[in-house]
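Enquirer: The structure that follows is given in the form of C-alpha cells.
The values are calculated or read from the model by the stated rules, or taken from the named source; none is laboratory data. Quantities reported herein were computed from a predicted structural model and do not represent experimental measurements. Cβ placement follows ideal geometry from the backbone for every residue including glycine, while neighbour counts extend to all protein chains displayed. When the accessible area is computed, the model is the full protein with side chains, heavy atoms only, and any ligands, DNA or RNA have been set aside. Shrake-Rupley method; radii C 1.70, N 1.55, O 1.52, S 1.80 Å.
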Amino acid sequence: MPKLSTGFVRASGYANKIRKVLFALTRGKLNPEEVIRASAQLNQYLFDKFQEMGIKKEDVVRISIEFNIKDGTIEWNYDTLKIEVYKKEEEEKLAEAMKEVEESEKALEIAIEELSKLSEKLRELSDEIAQTVERLKREHTSLKLEFEK
C-alpha cells in the first residue's frame with residue numbers, strides 16, 4: 001500500500017505539499033486529473049480535521065496517510081492518517097523555558113564560583129587558626145618548661 005508523507009510543512013501550505021507529493025508518488029501511473037481530484041478530496045478532509053484540532057496556519061504539521069490505487073483512482077485509507085502538530089505557541093514557550101534554564105545555569109555557575117572562593121578563604125583562615133593554635137601551644141609549653149626550671 002503506497003504511503004503519502006509530507007514531511008514538515010506550515011499548516012498554511014499543506015494543500016500544495018499534498019498535491020506535489022501525490023504527483024511525485026503517482027507519476028506515470030495515473031491521469032493527472034485523478035491526482036488533482038484525490039488531493040483535493042484529502043485536502044478537504046484535512047481542512048476539517050485541522051479545524052477540529054485547532055491547528056492554526058502558522059503551526060507546523062507532518063501528515064502521512066496510506067492509499068490504494070484501484071481502477072485508475074486513488075482511495076484514501078483514512079484509518080492510517082497521522083497528523084503531527086507543532087504549535088507555534090509551544091515553540092515560543094519552549095524557547096522561553098530554555099532561556100530560563102540557561103539563565104538559571106549561568107546563575108548557578110556564578111554561585112558555585114563564589115562558594116569556591118569563600119571555601120578557599122575559609123581554608124586559608126582555618127590554616128591561620130591552626131598555625132596560631134600551634135604557636136600558642138608551643139609558647140605555652142615553653143613557658144611551662146621555663147617555669148619548671
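Enquirer: Could you list, in sequence order, the residues of the stretch 20-56 that are assigned to a helix (DSSP H, G or I), under 30 Å from the mean Cα position of the chain (by Cα) and charged (D, E, K, R)?
Expert: Lys20, Asp48, Lys49, Glu52
Enquirer: Residues to consider are Leu145, Leu125, Leu94, Leu81; find the one that is out of contact with any Asp or Glu (no Cβ under 8 Å at 6 or more places or on another chain), modelled with pLDDT of 70 or more and open to solvent by 80 Å² or more (accessible area, probe 1.4 Å).
Expert: Leu125
Enquirer: Here is a further query. Looking at this structure, is Tyr14 among the aromatic types (Phe, Trp, Tyr), assigned to a helix (DSSP H, G or I) and surrounded by fewer than 16 Cβ atoms within 10 Å (Cβ to Cβ)?
Expert: no
Enquirer: What is the residue count in the stretch 18-29 for residues that are out of contact with any helix residue (DSSP H, G or I) (no Cβ under 7 Å at 6 or more places or on another chain) and without any contact (Cβ under 8 Å) to a residue 40 or more places away in the chain?
Expert: Filtering the stretch 18-29 down to residues out of contact with any helix residue (DSSP H, G or I) (no Cβ under 7 Å at 6 or more places or on another chain) leaves 20-21, 24-25, 27-29.
Filter once more, keeping what is without any contact (Cβ under 8 Å) to a residue 40 or more places away in the chain: 20-21, 24-25, 27-28.
Of the residues in that region, 6 qualify.
Enquirer: Pairs only if they're at least six apart or on different chains, beta carbon under 7 angstrom, first in the stretch 67-83 and on the phi > 0 side of the Ramachandran plot, second of a type in the set (A, V, I, L, M); list them, first residue then second.
Expert: Going by the 7 Å Cβ cut-off, the qualifying pairs are Gly72/Leu30.
Enquirer: Hey, another quick one. Of all residues in the stretch 51-72 being touching a helix residue (DSSP H, G or I) at 6+ places or on another chain (Cβ under 6 Å) and surrounded by 13 or more Cβ atoms within 10 Å (Cβ to Cβ), which is nearest to Pro2 (Cα to Cα)?
Expert: Val61
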